[in-house]
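Trainee: Structure below; questions to follow.
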Amino acid sequence: MTDSEVRRRTGGRSARVRRAVLDATLEVLADNGFDQLSIGAVAVRAGVHESSIYRRWKTRERLIFDAMMEHSRENLPVPDTGSLRTDLITFNRSMVAIVDSPLGTVLGRAMASAGDSPELAESRAEFWRIRLDGARVMLDRAMARGELEAAPDPWLVLETLTAPIHFRKLLTREPISEDYAERVVDLVLNGLLSAPGERKSE
């Protein structure tokens, strides 16, 4: 067996272990909640040794962050439809699908009720920084296409898009329909298109 074959096999196993651990983390989080999640429980669910997890993830918080980030990447990609409105609607509908799923419900409530340790605060901030980058990409593309002339605050846009969805899910517990997600987008777009920078060009 050549060195390259050994590396391919090792890399393949490493990827499988990582996938198994991240999937197990989400499952244990859904079953036990944030505060009760332990590396030992994840190791048992994934069928690996605890030492294998600690070699890759030094802390429990880092493991949870990576699992949630992977879940977000797979289920909330940044759309590129050629239209800002359609991009935002697609993004918001994907967000609704995530938060309205059984796993999304547990994850949202777990994060809302989790403590504020320095490790968790750092992971939470990094999670939203990455999501903010996605919102910025959609807005930058819209500006390049000439749909927007002003440079909006991407953080404010992301907050305004997603806050109503989380408000309904976590507080009022009202149903979240695709139509609701679309109406939120139109409300945000009305604000963007009537911003001072836009009015100057009229």
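Only the coordinates and a few stated rules stand behind these numbers; no lab work does. Not measured: the values here are computed from a predicted model. Note: ideal-geometry Cβ built from the backbone for every residue, glycine included; neighbour counts use all protein chains shown.
Trainee: How would you classify segment 18-69 from its alpha-carbon gyration tensor, with a ≥ b ≥ c the square roots of the eigenvalues: rounded for a/c under 1.5, else prolate if a/b is greater than b/c, otherwise oblate?
Mentor: Details: a/c = 1.40, a/b = 1.21, b/c = 1.16.
Rounded shape, in that the Cα axes give a/c under 1.5.
Trainee: Listing Lys58, Lys169 from the residue with the fewest other Cβ atoms within 10 Å to the one with the most, what is the order? Let's see the in-between values first.
Mentor: On the way: Lys58 11, Lys169 20.
The fewest-first ordering by Cβ neighbours comes to Lys58, Lys169.
Trainee: While we're here: Once the mean 1/r over all distinct Cα pairs of segment 76-199 is inverted, what Kirkwood radius in angstroms do you read off? Could the numbers behind the result be given before it?
Mentor: Working: mean 1/r = 0.0651 Å⁻¹.
Radius from the Kirkwood sum: 15.4 Å.
Trainee: Excluding Asp140 itself, what net charge comes from residues whose Cβ is under 14 Å from its Cβ, given Lys and Arg +1 and Asp and Glu -1?
Mentor: -3
Trainee: Just report the Cα centroid separation between segment 31-69 and segment 164-194, whole Å.
Mentor: If you average the Cα positions of each part, the centres end up 33 Å apart.
Trainee: Checking the a/c ratio against 1.5 first, then a/b against b/c, what shape does the Cα gyration tensor give for segment 124-180?
Mentor: Working: a/c = 2.98, a/b = 1.65, b/c = 1.80.
Judged from the Cα gyration tensor, segment 124-180 comes out oblate (a/c at least 1.5, b/c at or above a/b).
Trainee: Fewest to most neighbouring Cβ within 10 Å: what's the order for Leu37, Leu189? Write down the numbers at each step before the final one.
Mentor: Values: Leu37 22, Leu189 18.
Going from sparsest to densest Cβ surroundings: Leu189, Leu37.
Trainee: From the convex hull of the Cα coordinates of segment 23-118, what is the mean projected area in square nanometres? Walk me through the intermediate numbers first.
Mentor: Working: hull surface 28.4 nm².
Computed as one quarter of the Cα hull surface, the answer is 7.1 nm².
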